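Below: the structure, in structure tokens.
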Amino acid sequence: MKILFTKNIDPTIISKELGEDISVDFVEVIKTNPIKTTPFDLKNFSLIFTSVNGVSSFFKNGFKPSEDFTAKNYNKIYCVGEKTKKELRKHGFGTFKVLKNAETLSKFITNHCQHESFLHFCGNLAISVLDNELPLQNIKYKKVTIYKTEEINPLITEKYHAGVFFSPSGVRSFAKQNSFDGMTLVSIGETTANELRKYVSKPILTSEGNNLISVLRLIKKEIVNKN
């Protein structure tokens, strides 16, 4: 059995979760680079981060949020996924709310945060859920693009039992020169699964958690243990 992961992952983590007998390849399908942005005053804004790259690029550009909850103009921080939360913690910041995907974040903001103004620090290919939904609810929302995602579009000639995808842009990059036929498709979360559904009608194995361990345990349960 051979499994394709569409990004580089520590092989020891794969072996620990899936066992030594599984053959895996890692092929990067996207690359990201920070965009130089002049820091500006964040006062009176709540901040949204939907990726690790958004967090790291935010701090590389020298932005300084206020997390002093006793101050009048502190910044509430909302994020998607545990990895994004952990990246914020690396820089010394906690989160006001962590949601599993952009759809649930959009619903939470719509239901509970009508009077806040939001800045979403993201990449040029950021998913459009928040952009589409929040302004319709008269919620003040603005994207700040602080990193660029480039689709590499590699040609992959090897055949695999399963392919594992981690982002909508990764799905699009793979699809440019490759077919999804003959592979069991595995997705990290519903957002990436929805992108895969634009190309295929077959079932997609979708992890409940937006993290690597959740994906690997799904692969073990649904693919490794059944073959």
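The values are calculated or read from the model by the stated rules, or taken from the named source; none is laboratory data. Since the structure is predicted, the reported quantities are computational estimates derived from the model, not experimental observations. So basically every Cβ, Gly included, is an ideal-geometry build from the backbone, and we count neighbours across all protein chains shown.
The table that follows gives values for the structure above.
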| read-out | value |
| --- | --- |
| Number of the condition not met by residue 162 [criteria: (1) within 19 Å of residue 80 (Cα to Cα); (2) touching a helix residue (DSSP H, G or I) at 6+ places or on another chain (Cβ under 6 Å); (3) buried (at least 18 other Cβ atoms within 10 Å of the Cβ)] | (1) |
| Residues located in region 16-32, provided they are out of contact with any strand residue (DSSP E or B) (no Cβ under 9 Å at 6 or more places or on another chain) and either surrounded by fewer than 16 Cβ atoms within 10 Å (Cβ to Cβ) or not assigned by TED's automatic domain parsing to the domain that holds residue 183 (or both) | 16, 19, 20, 21, 28 |
| Search result, residues across region 96-124 that are of a type in the set (S, T, N, Q) and either in contact (Cβ under 8 Å) with a residue 40 or more places away in the chain or surrounded by fewer than 19 Cβ atoms within 10 Å (Cβ to Cβ) (or both) | 101, 104, 110, 111, 114, 117, 124 |
| Selection status of residue 134, assigned by TED's automatic domain parsing to the domain that holds residue 65, among the hydrophobic types (A, V, I, L, M, F, W, C) and in contact with an Asp or Glu (Cβ under 9 Å, 6 or more places away or on another chain) | no |
| Odd one out for residue 85, checked against (1) of a type outside the set (A, V, I, L, M, F, W, C); (2) closer than 22 Å to residue 34 by Cα; (3) part of a loop (DSSP other than H, G, I, E, B) | (3) |
